[in-house]
Amino acid sequence: MADGPLAIGVDIGGTKVAAGVVDASGAVLRRTRRDTPHRSTSPRVVEDTIVSAVEELLEQDDGVVAVGIGAAGFVAADRATVVFAPHLSWRNEPLRQALGGRLELPIFIDNDANAAVWAEYRFGAGRGESQLVMVNLGTGIGGGIVLDGRVLRGRFGIAGEFGHMQVVPDGIRCECGNRGCWEQYASGNALVREARALMSAGSPVVSDLFDRVGGKPEDLTGPLVTEAARDGDPLARELLSEIGRWLGVGMADLAAALDPGTFVVGGGVSAAGELLLEPARQAFRRQLTGRGYRPEANIVAAELGNEAGMVGAADLARVGAADLAWADAGDRLVPRRTPADPPAG
Ligand SMILES: [Zn+2]
């Protein structure tokens, strides 16, 4: 049995568009997928892809009240406009308006990391914790913040871009143009870069990793290092623990600024589990401001995996639609919306 009003979540990733019907308990009732259109194609092609996935899901489900879209990139705080999406041709794309003419449902757009932190807050590793920070370790670092039970989007919709906090003055060059960004030290790319550097230097300690890629450093991936670590390779474990230490250092900075009760660590590298998280906790403790005199945040692995973006986008849309209905009930009721979360359309 489906629980409560249904919403459709659409997660637009670099290679796949994943869409699903999600109920109010976070259960995914039905799914569909499309390939993400190449970034050289026009915005209209991406819209067609979204509309076709949503229409397919609507054929079978009555009672869908809203559509939520999660996309990598900068989404304006009005949740209607995609300012910049690295994988797509969207530049200042008025996505809600464009889709609004084609889908007769309220549409809410969010950054994919905001959708993911919301999903972990509502249904995953952050359940019951109203002050939550999520750090996603993929090729880079993405993040999302829930404070007082609300997504913190910032004035321009760009809050949570933790990956580009500078942790090392004059450190490793980042593709953003600055040096020493956190994601140059604690991400999947950092893990692979360090492992390849050891291989290319002909270090004798890399024999296990060397065998796994048939002697070709260019074939090494983050998941291969994680697999080697899980199989007990001491070098892979050391590399992951180094990533974990940098993770803890950055989280201590975030704790100084935001004081969350829990950090949820997601993304591909988090598959390493405790091999990553325990070194992170140790470094966090050493670095934490006011250590010894304050409670310490929990540091836990994300629970929802690849579906967090889809589930979170759907739930944010469901909640957004309920807020709209509440506001539309007129002056008998006080809208729950605040200036930080402007009205739709
Ligand atoms: Zn950077």
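Every residue in the range 164-201 that is in a helix (DSSP H, G or I), within 9 Å of the ligand (Cβ to nearest atom) and either among the polar types (S, T, N, Q) or touching a Leu at 6+ places or on another chain (Cβ under 9 Å) (or both), please.
From the range 164-201, those in a helix (DSSP H, G or I) are 164, 182-184, 188-200; that's our starting set.
With the extra rule that they be within 9 Å of the ligand (Cβ to nearest atom), the set shrinks to 164, 182-184.
The answer is 182, 183, 184.
For the range 142-163, what are the residues that are in a loop (DSSP other than H, G, I, E, B) and β-branched (Val, Ile, Thr)?
Taking the range 142-163 and keeping what is in a loop (DSSP other than H, G, I, E, B), we get 148-149, 152-161.
Hit for the range 142-163 is 158, nothing else.
Just one of 339, 260 is assigned to a loop (DSSP other than H, G, I, E, B), within 21 Å of residue 157 (Cβ to Cβ) and modelled with pLDDT of 95 or more; which is it? Write out each step before concluding.
Numbers: 339 fails: modelled with pLDDT of 95 or more.
Going through 339, 260 in turn, the sole match is 260.
Exactly one of (1) away from the ligand (no atom under 16 Å from the Cβ); (2) in a strand (DSSP E or B); (3) modelled with pLDDT under 95 is unmet by residue 133. Its number?
Of everything listed in (1) away from the ligand (no atom under 16 Å from the Cβ); (2) in a strand (DSSP E or B); (3) modelled with pLDDT under 95, residue 133 misses just condition (3).
Take the range 99-113 and flag every residue that is more than 17 Å from the chain's Cα centre (by Cα) and under 24 Å from residue 158 (Cα atoms). Break it down stepwise before answering.
In the first step, residues of the range 99-113 are kept if they are more than 17 Å from the chain's Cα centre (by Cα); the result is 99-107.
Hits for the range 99-113 are 99, 100, 106, 107.
Name the pairs: first residue in the range 255-275 and surrounded by fewer than 24 Cβ atoms within 10 Å (Cβ to Cβ), second residue among the basic types (Lys, Arg), Cβ to Cβ under 8 Å, at least 6 apart or on different chains?
275/230; 275/237
Evaluate the following for residue 204: is it within 16 Å of the ligand (Cβ to nearest atom), out of contact with any Cys (no Cβ under 6 Å at 6 or more places or on another chain) and more than 18 Å from residue 254 (Cβ to Cβ)?
Numbers: within 16 Å of the ligand (Cβ to nearest atom): no; out of contact with any Cys (no Cβ under 6 Å at 6 or more places or on another chain): yes; more than 18 Å from residue 254 (Cβ to Cβ): yes.
No: the conditions fail for residue 204.
Does at least one position in the range 47-70 carry a residue that is within 23 Å of residue 145 (Cβ to Cβ) and surrounded by fewer than 14 Cβ atoms within 10 Å (Cβ to Cβ)?
Going through the range 47-70, the residues within 23 Å of residue 145 (Cβ to Cβ) turn out to be 66, 68-70.
Next, from what is left, pick out any that are surrounded by fewer than 14 Cβ atoms within 10 Å (Cβ to Cβ): none.
For the range 47-70, residues within 23 Å of residue 145 (Cβ to Cβ) and surrounded by fewer than 14 Cβ atoms within 10 Å (Cβ to Cβ): absent.
Identify all residues within the range 136-163 that are surrounded by 15 or more Cβ atoms within 10 Å (Cβ to Cβ), among the hydrophobic types (A, V, I, L, M, F, W, C) and either touching a residue at least 12 places away in the same chain (Cβ under 8 Å) or near the ligand (Cβ under 9 Å from one of its atoms) (or both); write none if there are none.
Scanning the range 136-163 gives 137, 141, 145, 146, 147, 151, 158, 159, 162.
The values are calculated or read from the model by the stated rules, or taken from the named source; none is laboratory data. No experiment lies behind these values; they were computed from the predicted model shown. Reconstructed Cβ throughout: ideal geometry from the backbone, glycine too, with neighbour counts over all protein chains shown.
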